[in-house]
Amino acid sequence: MAVHNQPRQRSGFHLPSRNGAVAEPVNDTATAAGAALAARALAAVRIATGFIFLWAFLDKAFGLHYATGSGKGWIDGGSPTKGFLSGVSAGPLQSFFHHIAGQGWTDWLFMLALLGIGAALMSGIALRVTAVAGTVLMAMMWAAEWPPAQHLSTGAPSMSSNPFVDYHFVYALAMILFAFAAAGTTWGLGRLWAQLPVVRRNRWLL
């Protein structure tokens with residue numbers, strides 16, 4: 001009985017080339033590995049960003065002697081907003097920030113925002129809410145520093161390095177990216193959070 005050579009079977013996904021021949025299969029293993037690496041990298045950036053906010057809360061709350069001196073923390077009676085907001089000297093909202101500087105509700109909102117954003121980013125939960133709250137906070141802080149100004153109201157140079165895009169802008173974009181990419185499912189509690197009944201009924205809490 002004659003033996004006929006059978007064409008070699010190809011597996012996987014193939015794309016036709018321009019001349020009609022079948023191109024080499026896409027390396028699904030390499031693609032999956034790259035996606036997994038990207039997810040881990042994004043999770044690492046998420047956790048690091050969250051720690052920036054959480055550390056700011058801890059330092060301002062307890063006076064860890066970094067940005068806030070020892071004995072000047074919130075628990076010691078210090079105000080986490082008075083020094084910064086009362087010193088605003090650029091932009092169209094100077095009087096507004098001076099008025100709210102050091103007020104009780106301002107301190108509470110600011111500190112709760114730092115704590116909530118930091119904890120949510122590090123744990124990987126409620127990233128959509130965090131993206132909105134974080135963007136609002138960054139917009140307010142950007143307006144307080146007012147990077148477009150070349151000079152302060154005192155006439156001194158503002159030392160602004162970019163009139164539009166600074167770290168506030170980058171942090172806001174990062175938090176929006178974490179939400180859209182569901183970055184809390186890697187190295188976080190995002191999957192468990194998504195299964196909670198209240199979250200399943202209210203997808204905006206994701």
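Quick note: the coordinates plus some simple rules give every number you see, no bench work behind them. Note that the structure is a prediction, hence the values are computed from the model and not measured. Please note: Cβ atoms are built from the backbone with ideal geometry, for glycine as well, and neighbour counts cover all protein chains shown.
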message: With a cap of 11 neighbouring Cβ atoms within 10 Å, and only residues DSSP puts in a loop, list the chymotrypsin sites (Phe, Trp or Tyr not before Pro) found in region 128-169.
response: Phe164
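Please find the FRET efficiency linking Leu37 to Leu112, where r is the Cβ-Cβ separation and R0 is fixed at 45 Å, and quote it to the nearest 0.05. Kindly include the intermediate steps, with their values, before the conclusion.
Numbers: r = 35 Å, r/R0 = 0.78.
Working from the Cβ atoms, E equals 0.80.
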field: Label assignment, Rg and Dmax of the Cα atoms in Å derived from the structure, set (i) 25.2, 100; (ii) 17.7, 61; (iii) 16.4, 47
entry: (i)
query: Relative contact order (percent) for the chain, with alpha-carbon contacts under 8 angstrom and 6 or more residues of separation?
result: 20 percent
query: Label point 7 Å out from Met140 along Cα-to-Cβ: which residues of region 153-193 have amide N under 20 Å?
result: 166-176
task: Would you give the gap between the C-alpha center of region 41-115 and the C-alpha center of region 145-182, rounded to a whole Å?
output: 17 Å
